[in-house]
1. Can you give the relative contact order of the range 1-53 as a percent, counting alpha carbon pairs under 8 Å and 6+ residues apart?
2. So which trypsin sites (Lys or Arg not before Pro) in the range 183-224 pass both tests, a DSSP loop state and at most 15 other Cβ atoms within 10 Å of the Cβ?
3. Fewest Cβ neighbours within 10 Å first, please rank TYR180, TYR107 accordingly.
4. Under a point spin-label approximation (7 Å from Cα along Cα-to-Cβ), what is the GLN176-GLU161 distance to one decimal in nm?
5. Cα gyration tensor of the range 1-69, axes a ≥ b ≥ c as square roots of the eigenvalues: rounded (a/c below 1.5), prolate (a/b > b/c) or oblate?
6. Have a look at the DSSP beta bridges in the chain and tell me what percent are antiparallel, nearest 5.
7. Which entries of LYS68/LYS178; LYS68/LYS126; LYS10/LYS40; LYS135/LYS205; LYS10/LYS226; LYS10/LYS110 have Cα-Cα distances beyond 19 Å here?
8. Using a/c under 1.5 as the rounded threshold, could you call the range 1-116 rounded, prolate or oblate? The axes a ≥ b ≥ c are square roots of the C-alpha gyration tensor eigenvalues, and prolate needs a/b larger than b/c, oblate otherwise.
Amino acid sequence: MFYFSLFSGKKILKSSFIDECFFTTRDFVLTPSARKDLEKTASENMNQMLKTYNGCRLITAEQVHGDKIEIVNDNISHYPETDAIISNIKDTILMLNFADCTPIILYSKKDKTGALIHAGWRGSAKKITQKTVIKMQEQLNIKPENIAAVIGPSIGKCCFETDEDVFEKLIDDKNQTKLYNRKGKKFFIDLKLLNMQQLYYTGVKNIDICDYCTCCMSDIFFSYRKEKGITARHSAILKI
């Protein structure tokens, strides 16, 4: 279940499935990106978050819409060309940024191990979500049945309009009509449901999926498509 809460008096989105995670909103921007006018505010918000999580190490990645997955180690705090990060190191804060792409947070409370995934359509087509769970299982011995998953706010099926070439890369089984609608030569694809299926295939069944569309709700979240690229980012945060 998703609900709005406050972090240092500013609006964030949380899920009841994982305590130590949240999604920022326009009210608590951490990454200004193309919005140079938000740089000062973002810096102040970042300082406030790090002050609140005093003693924790922030882990980030250079997101490139790929399927590279890294397990955090003690020496590196920023991972180049990486779209999913996994950590079992105490007092690390994982952070990735979004503006329509699908944010996915995984956490095993039993193992105190979590992951953040940036699943745009390219990453979704490469099955980055499925690969992340498999990596957690094979390299860290995390059982999928112990993982809770939160699929956060992203562009919805209502607004993710694509051409046939993208549709062909994303949809393996054309009979799965729940995943898409077709209007003439255009396809409207449900990236959240697509990633939820990837989680199911790996054995993760405890999933909270957010109904909010970032394009429809661009007054609360940032939307690359709605704002034609001139926008900041909202962030997914997970504290280990």
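Here, each number is a calculation from the coordinates, and none is a lab measurement. For clarity, every value in this text was computed on a predicted model and none was experimentally measured. Reconstructed Cβ throughout: ideal geometry from the backbone, glycine too, with neighbour counts over all protein chains shown.
1. Relative CO of the range 1-53 lands at 22 percent.
2. LYS185, LYS205
3. Values: TYR180 19, TYR107 27.
Ascending number of Cβ neighbours within 10 Å: TYR180, TYR107.
4. 2.5
5. It is rounded, given that a/c, with a ≥ b ≥ c, falls under 1.5.
6. Numbers: 40 of 53 bridges.
Of those bridges, close to 75 percent are antiparallel.
7. Working: LYS68/LYS178 28 Å; LYS68/LYS126 10 Å; LYS10/LYS40 16 Å; LYS135/LYS205 17 Å; LYS10/LYS226 23 Å; LYS10/LYS110 30 Å.
Check vs 19 Å cut-off fails for LYS68/LYS178; LYS10/LYS226; LYS10/LYS110.
8. rounded
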